[in-house]
């Protein structure tokens with residue numbers, strides 16, 4: 001498995017740094033993970049954390065320290081996180097090469113080996 005599990009674009013990293021500053025979270029880690037739920041079985045999670053756990057993968061991109069837990073790492077391997085701005089506002093986009101099915105909202109997915117826990121939409 002690659003040391004860098006996920007890849008941030010420059011646009012995503014700039015937005016994350018802005019959010020860190022706005023929320024007074026400078027110096028925090030960006031934690032990216034996967035949990036069960038959503039229409040297709042798995043949902044993405046992204047937030048700030050101040051603690052590295054023993055089984056976390058830790059790597060840095062664009063000056064942002066990123067944490068991915070051991071269970072999420074194989075599911076997220078090779079995932080690209082971008083940030084797109086439009087007339088309706090902005091939002092993060094997640095391009096996961098391991099996802100074989102996703103729901104219409106784009107926040108839920110499953111892989112060939114992990115079905116997760118699908119819920120009603």
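Quick note: the coordinates plus some simple rules give every number you see, no bench work behind them. Computed from a predicted model, the values in this text were never measured in an experiment. Here the Cβ positions follow ideal geometry from the backbone for every residue, glycine too, while neighbour counts run over all protein chains shown.
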FRET efficiency (residue 87, residue 35; Cβ distance; R0 30 Å; to 0.05) is 0.45
Placing each pseudo-label 7 Å from Cα in the direction of the beta carbon, residue 55 and residue 80 end up separated by a distance in nanometres of 3.0 nm
Per the 1/(1 + (r/R0)^6) rule, R0 = 41 Å and r from the Cβ atoms of residue 17 and residue 70, FRET efficiency to 0.05 is 0.95
Rounded to one decimal in nm, the spacing of the 7 Å Cα→Cβ label points at residue 62 and residue 26 is 1.8 nm
